[in-house]
Amino acid sequence: MLIETDDYIDANTAAQMLGVTEARIRALCKSGRFPGTIYIGQKNKTKLIPRIEVENHTKLRPGVKKQLNESF
């Protein structure tokens, strides 16, 4: 698979862009808030997040959980 690196950023860069910690970015990835995230490396520890998803990310109000569309 060929990945255009300009279209993806790592978790550290995403954290800096959003003003949060890398741990928060990992949690957001795990919860599905950044669709299209690519997991690579040993035990899938490295995350490549689509730049457009980070740029378009909006914070949810405290206590509000996003409803994910899980239609199969």
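Within the range 1-49, the set of residues being in a loop (DSSP other than H, G, I, E, B), touching a helix residue (DSSP H, G or I) at 6+ places or on another chain (Cβ under 8 Å) and among the β-branched types (Val, Ile, Thr) comprises 21, 37.
Does residue 52 meet the test of being at pLDDT 90 or above, among the hydrophobic types (A, V, I, L, M, F, W, C) and outside any strand (DSSP E or B)? Yes. Cβ-Cβ distances below 9 Å connect the following pairs, each with a first residue in the range 15-32 that is of a type in the set (S, T, N, Q), a second residue that is part of a loop (DSSP other than H, G, I, E, B), and a separation of six or more residues or different chains: 31/65; 31/66; 31/68. When the residues of the range 1-21 are filtered to those that are at pLDDT 90 or above and touching a strand residue (DSSP E or B) at 6+ places or on another chain (Cβ under 9 Å), the one that is surrounded by the most Cβ atoms within 10 Å (Cβ to Cβ) is 14.
The values are calculated or read from the model by the stated rules, or taken from the named source; none is laboratory data. Computed from a predicted model, the values in this text were never measured in an experiment. Note: ideal-geometry Cβ built from the backbone for every residue, glycine included; neighbour counts use all protein chains shown.
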